[in-house]
1. Size of the dipole of the chain about the Cα centre, Lys and Arg at +1 and Asp and Glu at -1 on the beta carbon, nothing else charged, in debye to 20?
2. Leaving out ligands and nucleic acids, note down the accessible area per residue over the chain with a 1.4 angstrom probe, in whole Å².
3. Can you give the charge dipole size of region 99-235 about its Cα centre, rounded to the nearest 20 debye, using +1 on the beta carbon of Lys and Arg and -1 on the beta carbon of Asp and Glu?
4. Of all accessible surface on region 119-247 at a 1.4 Å probe, what whole percent is carbon and sulfur?
5. Would you please classify the overall shape of region 108-185 from the alpha carbon gyration tensor, given that a ≥ b ≥ c denote the square roots of the eigenvalues, rounded means a/c under 1.5, and beyond that prolate means a/b larger than b/c while oblate covers the rest?
6. Excluding same-chain residues fewer than 8 positions from Lys76, which aspartates and glutamates have a Cα within less than 17 Å of its Cα?
7. Based solely on its DSSP helices, what 222 nm [θ] is calculated for the chain when runs of n ≥ 4 H residues each add -39,500 (n - 2.57) and the sum is averaged over all residues, nearest 500 deg cm²/dmol?
8. Please turn the phi angles of region 238-244 into ³J(HN,Hα) values with the Karplus equation 6.51 cos²θ - 1.76 cosθ + 1.60 (θ = phi - 60°), one per residue in order, whole Hz, x for glycine and proline.
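The values are calculated or read from the model by the stated rules, or taken from the named source; none is laboratory data. These numbers come from a predicted model, not from an experiment. Heads up, the Cβs are rebuilt from the backbone with ideal geometry, glycines too, and the neighbour counts pull from every protein chain shown. For accessibility, only protein heavy atoms count, side chains too; no ligands or nucleic acids. Shrake-Rupley method; radii C 1.70, N 1.55, O 1.52, S 1.80 Å.
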Amino acid sequence: MSAGVFVAMAGLAQAQTSDDPFVVPAGRILVEVDVYETSGQGTDTLNVMPVLVTYGLNARTDIGVGFDGYYHERTKMAGVTTTTHDWGDVTLRCKYSLWGHDNAGTQTGETAFALLPYVKVPLGLGDSGSDQTEGGLILPFAVTLPVDWSLVIMTGFDAVADSTDTGYDFQWVESLVLSRTFSGKISGYLEFYSVLPTEAGLDWSAQVNVGVYYFFTPDFYFDCGCNFGVTPAAPDVEPFIGLTYLY
């Protein structure tokens with residue numbers, strides 16, 4: 001990714017599933033809105049208007065509030081179709097940059113690393129979803145590569161509700177995102193995203209994701225793409241579109 005676009009995207013919410021280590025600039029507000037459709041394993045889900053609002057506290061820290069939006073899910077099993085809906089949950093998060101916030105990947109070989117703890121609070125406004133509070137810690141690392149490429153490596157550790165919704169289990173998240181700028185306004189990425197649960201009976205889920213960004217301005221862009229499941233536990237396909245604006 002070129003230095004100019006890398007700087008413009010530093011701290012901006014991104015279409016890929018992974019988080020990056022850059023914070024929103026101090027005193028500014030970032031708003032991201034998306035639409036997802038997920039298909040696989042006899043289930044089709046439409047997720048409308050998930051939104052993430054992030055505020056930059058200072059050069060090292062931002063805080064965010066996310067709302068999962070509206071879910072409409074249709075499941076077909078043994079010839080019987082069941083429809084459920086849910087308004088999703090609220091997520092509170094804080095990102096703290098340990099290093100890299102002052103260079104934003106402007107030179108080949110420069111790196112950035114951050115801590116991103118989060119807590120997910122259930123609202124219980126629909127037919128599905130967990131009734132338990134969940135949380136975790138995300139550790140994103142980025143490095144600027146030669147010839148306008150960049151790489152983000154992310155590790156996460158989550159405490160999530162178990163299948164009975166009465167206790168907790170842990171899961172390990174790992175991802176790689178390779179990004180590049182193709183022109184002054186267009187960039188794209190290829191991502192591998194993996195979730196490994198510890199609960200007995202749950203299988204490893206992995207996706208290969210592709211997407212593009214179109215920058216109307218350095219602070220306002222459109223994204224679209226599709227996530228593809230590469231293990232049986234992952235959704236088959238997950239197309240999405242989104243808009244992001246930095247005030």
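1. 760
2. Per residue, the chain has 48 Å² of solvent-accessible surface.
3. Roughly 560 debye, rounded to the nearest 20.
4. Looking at region 119-247 in its full context, I get 69 percent from C and S.
5. Prolate shape, in that a/c is at least 1.5 and a/b is the bigger ratio.
6. Glu37, Asp44, Asp127, Asp236
7. -500 deg cm²/dmol
8. Computed from phi, the couplings for region 238-244 are 8, x, 8, 9, x, 10, 9 Hz.
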